[in-house]
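Notes to accompany the following structure.
The values are calculated or read from the model by the stated rules, or taken from the named source; none is laboratory data. Bear in mind that the values here come from a model prediction, so they are computed numbers and not experimental data. Cβ atoms come from the backbone with ideal geometry, glycine included; neighbour counts cover every protein chain shown.
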Amino acid sequence: MVDFFRKIEELAEKDNRYHPDAYSFTMDALNFTQSRLKKLHVSGQELLDGIREYGLQQFGLMTRTVFEHWGIRKTEDFGEIVFNMIEMGLMSKTDQDSKDDFKSRYDFQEVFDGKIG
């Protein structure tokens, strides 16, 4: 676990667009999604759906505010985070997975403002 947090700190230094908590949350959301779907590999869209659901469970109406504090403003940002984590060996991908899987999947204002998980 210490190695995980050390790698997250390295990622945050290397790519300072995102707060270290964004990486931890993304890993937690992946675990949440895998558990919910009962499968090891999830697609970008499935992960984004899990991120939305898990974010609302964790932060309620503050989800978008928390994400923005971490530097996350659109679904593409989660793609960047995921692929940064893949580069560091914290996540894996298949040949079919790409950053495009995270492109414009939903609007944060639309899905987070005024909704409770």
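Structure data summary
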| read-out | value |
| --- | --- |
| Filter pass, residue 80 being in contact with an Asp or Glu (Cβ under 9 Å, 6 or more places away or on another chain) and of a type in the set (Asp, Glu) | yes |
| Residues that are in a helix (DSSP H, G or I), modelled with pLDDT under 95 and surrounded by 14 or more Cβ atoms within 10 Å (Cβ to Cβ), drawn from the range 11-34 | 11, 12 |
| Single unsatisfied condition, residue 45 versus (1) farther than 21 Å from residue 109 by Cβ; (2) surrounded by fewer than 16 Cβ atoms within 10 Å (Cβ to Cβ); (3) of a type outside the set (Gly, Ala, Ser); (4) touching a Lys or Arg at 6+ places or on another chain (Cβ under 7 Å) | (1) |
| Lone unmet requirement of (1) at pLDDT below 95; (2) charged (D, E, K, R); (3) in contact with a helix residue (DSSP H, G or I) (Cβ under 7 Å, 6 or more places away or on another chain) for residue 7 | (3) |
| Residue identified as part of a loop (DSSP other than H, G, I, E, B) and among the acidic types (Asp, Glu) among 97, 77, 49, 101 | 97 |
| Count of the range 52-74 residues which are closer than 19 Å to residue 24 by Cβ, among the charged types (D, E, K, R) and outside any helix (DSSP H, G or I) | 1 |
| Residue that is farthest from residue 72 (Cα to Cα) [pool: residues in the range 37-55 that are over 9 Å from the mean Cα position of the chain (by Cα), among the aliphatic types (A, V, I, L, M) and at pLDDT 95 or above] | 37 |
